[in-house]
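Working notes, beginning with the structure itself.
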Amino acid sequence: GGEATVAVSPGVGERWAVVIGISEYADARITPLRYADDDARAMYDFLRSEPGGSVPERNIRLLVNEDATAEAIREALFVFLQQARAEDMVTVYLASHGAPDPTRDSNLYVLTHDTDVDAMAATAFPMWDVKTALRRQIAAERVVVIADACRSAGTLVDDANPVGGAFSELFTPSRRMTMSAAGMHEVSFEDARWGGAHGVFTHYLLEGLGGAADADADGVVSFREAAAYVEAHVPGATDGVQNPEWSGLGDLALARLPRAPQ
């Protein structure tokens, strides 16, 4: 005969996304990548699909190759995503090179299409601006950052690349969550043997989001399930030299799988 109360978490409002993939660089000293742009297009297709949340076209920005300039990325993160409200969910996916400034190795950058190696501070996208945009410009409480920004292609850095680990430090513990393709001082590999044309991290991430990561078979692939899936598969596929990392509190649904016909 007693009364009971149930606390229900508010549902997600609208979904927003910025998807960036850069394989081609204007500066010939930056080694081109093979599949970063394809990975971005595959992630864009997933986010637009029903399992990925059916992000409306007006709410998603796709920047690949020559469209992924430092100015365009700044506008997408600082202006476009400002439209998201507190109850909305934001996904940011990035596949590119990341590197320290050759003249100031403590300053870390995402290399954009128009990065000039001799003027990286003025032409690349600083990691501290990534942090500022995500922490101070975006009102949404639910933010997922998926970063494959340390592709290995012999550009500017050796195998001790610090950029991958830097993504794990974007947020203080919260529902804002990050998943990066490689740990500190690691690089991320790409090859045709992973899904035909993918980075190894994005290949297993998309495979997991397609249903393989649904460990409890509830029809939902959560952030933690997806993270556990890439953690279980990427190291084995790279002889243990690439180890994805993730951070964040709680959990978020990343994919809702179609129901099997009765």
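Some notes on this structure:
- Ala226 vs. criteria touching a Leu at 6+ places or on another chain (Cβ under 6 Å) and of a type outside the set (Val, Ile, Thr): yes
- Against the test of being over 30 Å from Gly53 (Cα atoms), of a type in the set (A, V, I, L, M, F, W, C) and touching a residue at least 60 places away in the same chain (Cβ under 8 Å), the options Ala84, Ala99, Ala121, Ala95 yield a single qualifying residue, Ala99.
- Residue in the stretch 89-109 that is open to solvent by less than 30 Å² (accessible area, probe 1.4 Å), touching an Asp or Glu at 6+ places or on another chain (Cβ under 9 Å), at pLDDT below 95 and not in a strand (DSSP E or B) present: yes
- Among the candidates Ala197, Ala253, residue that is closer than 27 Å to Arg136 by Cα, hydrophobic (A, V, I, L, M, F, W, C), within 18 Å of the chain's Cα centre (by Cα) and at pLDDT 80 or above: Ala253
- Residue check: Glu71 meets all listed conditions (1) outside any helix (DSSP H, G or I); (2) farther than 29 Å from Ala213 by Cβ but one, namely (1).
- Residue within the stretch 31-41 that is over 30 Å from Gly219 (Cα atoms) and buried (at least 22 other Cβ atoms within 10 Å of the Cβ) present: yes
- Filter pass, Ala133 being at pLDDT below 90, small (Gly, Ala, Ser) and under 30 Å from Pro56 (Cβ atoms): yes
- On the stretch given as the stretch 210-228, residues that are open to solvent by 30 Å² or more (accessible area, probe 1.4 Å) and among the hydroxyl-bearing types (Ser, Thr, Tyr) total 0.
- Residue within the stretch 151-168 that is over 19 Å from Val234 (Cα atoms), hydrophobic (A, V, I, L, M, F, W, C), modelled with pLDDT under 80 and open to solvent by 30 Å² or more (accessible area, probe 1.4 Å) present: yes
- Subset of the stretch 4-22 that is at pLDDT below 95 and not β-branched (Val, Ile, Thr) - its residue that is least open to solvent (accessible area, probe 1.4 Å): Gly13
The values are calculated or read from the model by the stated rules, or taken from the named source; none is laboratory data. Predicted, not measured: the structure shown is a model, and the values here were computed from it. Using ideal geometry, Cβ is built from the backbone for each residue, glycine included, and neighbour counts are taken over all protein chains shown. Heads up: the accessible areas ignore ligands, DNA and RNA and are worked out on the full protein's heavy atoms, side chains in. Shrake-Rupley method; radii C 1.70, N 1.55, O 1.52, S 1.80 Å.
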